[in-house]
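Please read the structure below before turning to the comments.
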Amino acid sequence: KAGVTQTPRYLIKTRGQQVTLSCSPISGHRSVSWYQQTPGQGLQFLFEYFSETQRNKGNFPGRFSGRQFSNSRSEMNVSTLELGDSALYLCASSGRDSGTGANVLTFGAGSRLTVL
Amino acid sequence: AQRVTQPEKLLSVFKGAPVELKCNYSYSGSPELFWYVQYSRQRLQLLLRHISRESIKGFTADLNKGETSFHLKKPFAQEEDSAMYYCALSLNSGYSTLTFGKGTMLLVSP
């Protein structure tokens, strides 16, 4: 079973630009959530999508947005980039583990964004 | 508001020594707690969850509601246990929305 795939893995942008990150969940998983990881703040929840609807949202400004498509793939967008947006953005998909039956959150490798 | 606190940024032990990674939480509801681990150059992955009462790679964690703690323990540390460990609290029954602690780096020396 393929894992969670995130693209691009690395990107560099300048202040004021916008960026779109993509996430393909594990096949069959309908929930996709996004996290921002920085050395200072650690891992922070951005938002979660389920069946193309935003189900939960973290405490981030409106410059951070996302969407989910009918095939469960998700994108997140950050507009008007600031230096502080430099981070590793992690995507995770959630679904029932075939072995245990429990819900499992599986993370991708992340997209590392550097804002200059 | 919910919060997860891991008081130690770094824990350094020798191989064979016992390990305890501390985690305290504040949450008004019934918590669902997890430990995630990130080995060098690998993805963040689930280590264990409190509802399963399982032991993974020799690690165990017990939820203490009275002390609002979920400490991770292993009786004899191995070098391959060296990694970043995150305690996390779930905000929803689907476990897809997590509040993480800042993490503790565990270094096990030979």
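The values are calculated or read from the model by the stated rules, or taken from the named source; none is laboratory data. Bear in mind the structure is a predicted one, so any value in this text is a computation, not a measurement. As a convention, Cβ positions derive from the backbone with ideal geometry for all residues, glycine included, and neighbour counts pool all protein chains shown.
Okay, here's what the table says:
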{"read-out": "The listed residue being free of Cβ contacts under 8 Å to residues at least 60 places away in the same chain, more than 13 Å from the chain's Cα centre (by Cα) and more than 17 Å from B:K102 (Cα to Cα), out of B:R53, B:R43", "value": "B:R53"}
{"read-out": "Failed item in (1) crowded, with 19+ Cβ neighbours inside 10 Å; (2) modelled with pLDDT of 95 or more, with A:L105 passing the rest", "value": "(2)"}
{"read-out": "Qualifying residues in the range B:79-110 (those that are part of a strand (DSSP E or B) and touching a Pro at 6+ places or on another chain (Cβ under 8 Å)) - the one nearest to the other protein chains (Cβ to nearest Cβ)", "value": "B:S90"}
{"read-out": "Which listed residue is surrounded by 15 or more Cβ atoms within 10 Å (Cβ to Cβ) and part of a strand (DSSP E or B), from A:L81, A:L46", "value": "A:L46"}
{"read-out": "Within the range A:1-43, strands (runs of 3 or more DSSP E) holding 1 or more residues that are of a type in the set (G, A, S) and at the interface with chain B (Cβ under 9 Å from one of its Cβ atoms)", "value": "A:31-38"}
{"read-out": "Search result, residues across the range A:56-68 that are part of a loop (DSSP other than H, G, I, E, B), at pLDDT 95 or above and under 18 Å from B:S96 (Cα atoms)", "value": "A:F60"}
{"read-out": "Test for B:G58: is it touching a helix residue (DSSP H, G or I) at 6+ places or on another chain (Cβ under 9 Å) and surrounded by fewer than 17 Cβ atoms within 10 Å (Cβ to Cβ)", "value": "yes"}
{"read-out": "Any pair with Cβ under 7 angstrom, 6 or more apart, that starts in the range B:25-36 at a residue that is assigned to a loop (DSSP other than H, G, I, E, B) and ends at one that is at pLDDT 90 or above and surrounded by 20 or more Cβ atoms within 10 Å (Cβ to Cβ)", "value": "B:Y27/B:L89; B:P31/B:Y25; B:P31/B:L89"}
{"read-out": "Candidates B:S12, B:S40, B:S69, filtered to the one that is modelled with pLDDT of 95 or more, of a type in the set (S, T, Y), over 28 Å from A:S31 (Cβ atoms) and surrounded by fewer than 21 Cβ atoms within 10 Å (Cβ to Cβ)", "value": "B:S12"}
{"read-out": "Residue that is nearest to the other protein chains (Cβ to nearest Cβ) [pool: residues in the range A:44-62 that are among the aromatic types (F, W, Y) and farther than 21 Å from B:A1 by Cα]", "value": "A:F50"}
